[in-house]
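Asks: Once you've had a glance at the structure underneath, I'll fire off some questions.
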Amino acid sequence: MSEHHDNVHEHHAHEHHGDELPHADLKSYMIGFILSVILTAIPFWVVMGGVFETSSTTALVILGFAAVQIVVHMIYFLHMNFQSEGGWNMLALIFTAVMVFITLAGSLWVMYHLNVNMMPGLMEAVHGQ
């Protein structure tokens, strides 16, 4: 074979793809696991111990812990950060989160206004009897 052909194969043999990506190790997985256990145990204790008087406060605290746990899973188990794939993974995640938020908020807004504006006299008659 030609000298150029051998150099091309040699160049590809020494090329390392994905060296900029973080490598997972046992320490990273253990940190993620311990944080996940803690972020699961605290809401369990909040509910079982009746820490808050109102259920809406309890629900908000649980949703807060759930959001934090999602972030822990993405960082420690899915290895998502702004460096992986040149930041495209995180950009895609942010775009997806914005789209989900817009869809949910818009749906709730439409359902609320349909409930309020559709035949308001009928609703008063039903509740008035």
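Asks: Go through Thr40, Thr96 for me and flag whichever is under 15 Å from the mean Cα position of the chain (by Cα), of a type outside the set (A, V, I, L, M) and open to solvent by 70 Å² or more (accessible area, probe 1.4 Å).
Replies: So the residue among Thr40, Thr96 that is under 15 Å from the mean Cα position of the chain (by Cα), of a type outside the set (A, V, I, L, M) and open to solvent by 70 Å² or more (accessible area, probe 1.4 Å) is Thr96.
Asks: Is one or more of the residues making up the stretch 60-67 modelled with pLDDT under 90, in a helix (DSSP H, G or I) and either open to solvent by less than 70 Å² (accessible area, probe 1.4 Å) or outside the structural domain of Ile94 (by the TED database) (or both)?
Replies: No: the stretch 60-67 contains no residue that is modelled with pLDDT under 90, in a helix (DSSP H, G or I) and either open to solvent by less than 70 Å² (accessible area, probe 1.4 Å) or outside the structural domain of Ile94 (by the TED database) (or both).
Asks: I'd like the full set of residues that are assigned to a loop (DSSP other than H, G, I, E, B) and closer than 14 Å to Gly32 by Cα, limited to the stretch 68-88.
Replies: Listed by number, the residues that qualify are Phe77, Leu78, His79, Met80.
Asks: If you don't mind, there's one more thing I want to ask. Within the stretch 45-59, can you find the residues that are surrounded by 12 or more Cβ atoms within 10 Å (Cβ to Cβ) and part of a helix (DSSP H, G or I)?
Replies: Selection gives Val46, Val47, Thr57, Thr58, Ala59.
Asks: Condition check: part of a helix (DSSP H, G or I), open to solvent by less than 70 Å² (accessible area, probe 1.4 Å) and at pLDDT below 95. Does His11 satisfy that?
Replies: no
The values are calculated or read from the model by the stated rules, or taken from the named source; none is laboratory data. Not measured: the values here are computed from a predicted model. Backbone-built Cβ (ideal geometry, glycine too); neighbour counts: all protein chains shown. Each accessible area value is taken on the protein alone, full model and side chains, heavy atoms only, with ligands, DNA and RNA left out. Shrake-Rupley method; radii C 1.70, N 1.55, O 1.52, S 1.80 Å.
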